[in-house]
Amino acid sequence: MRRKQTAVAGVVLAVFCLGVLVGRRAGRSPSAASSSAAHLSSAGESAGCTDFHDAGPHVGQTGCVSGRVLKVFTSRGGNTFLDFCEDYRECPFTSVIFSSDRQKFGNLQSLAGRETEIRGPITVYQGKPEIIVRDPEQIRMAP
């Protein structure tokens, strides 16, 4: 009986991960992440931010991740990434603004080189913690 439960749990996990991957390719986030968006911390709170190196244990929570944005990169597809590391492939955290939300933001290049706080649901993309930024109020300069 235990072996059957483990197999069912494995199948459920695989289907969930596949759904997240397909949704991400379609430009959508997991429904759990979008439903958590209503619980965002207010922009006035600076306590409780986690350094981007330590975001992993907070996956599945709505929180604040902070660090110095080293580079702002916009892909050919129009998605904008706030890079906290020299090499994004080696970075333990990522943050993305999808092209569909980009018009809501001003000059994102002004974030480069600045300590920044990003708030929102912390999800996983390609094995790394990530916050999808959909609203400018999710971003603020660290005090």
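The values are calculated or read from the model by the stated rules, or taken from the named source; none is laboratory data. Computed from a predicted model, the values in this text were never measured in an experiment. Cβ coordinates were reconstructed from backbone atoms using ideal geometry, including for glycine residues, and neighbour counts include every protein chain displayed.
Structural remarks
- Some residue of region 47-56 being surrounded by fewer than 15 Cβ atoms within 10 Å (Cβ to Cβ), assigned to a loop (DSSP other than H, G, I, E, B) and modelled with pLDDT of 50 or more: yes
- Considering region 79-99, and only residues there that are more than 14 Å from the chain's Cα centre (by Cα) and surrounded by 12 or more Cβ atoms within 10 Å (Cβ to Cβ), the residue that is nearest to GLU137 (Cα to Cα) turns out to be SER99.
- Once region 124-133 is narrowed to residues that are surrounded by 21 or more Cβ atoms within 10 Å (Cβ to Cβ) and touching a residue at least 40 places away in the same chain (Cβ under 8 Å), the residue that is farthest from LEU111 (Cα to Cα) is PRO129.
- Of all residues in region 57-78 being assigned to a strand (DSSP E or B) and in contact (Cβ under 8 Å) with a residue 60 or more places away in the chain, the one that is surrounded by the fewest Cβ atoms within 10 Å (Cβ to Cβ): THR62
- Of all the residues in region 100-114, those that are loosely packed, with under 14 Cβ neighbours inside 10 Å and either touching a Leu at 6+ places or on another chain (Cβ under 6 Å) or not basic (Lys, Arg) (or both) number 7.
- Taking region 110-124 as the range and being modelled with pLDDT of 95 or more and either closer than 13 Å to ALA55 by Cα or among the polar types (S, T, N, Q) (or both) as the test, the residues that pass are THR116, GLU117, ILE118, ARG119, GLY120, PRO121, ILE122, THR123, VAL124.
- Residue tally, condition among the basic types (Lys, Arg) and in contact (Cβ under 8 Å) with a residue 60 or more places away in the chain, over region 99-123: 1
- The numbered conditions (1) on the phi > 0 side of the Ramachandran plot; (2) part of a loop (DSSP other than H, G, I, E, B) are all true for GLY120 except (2).
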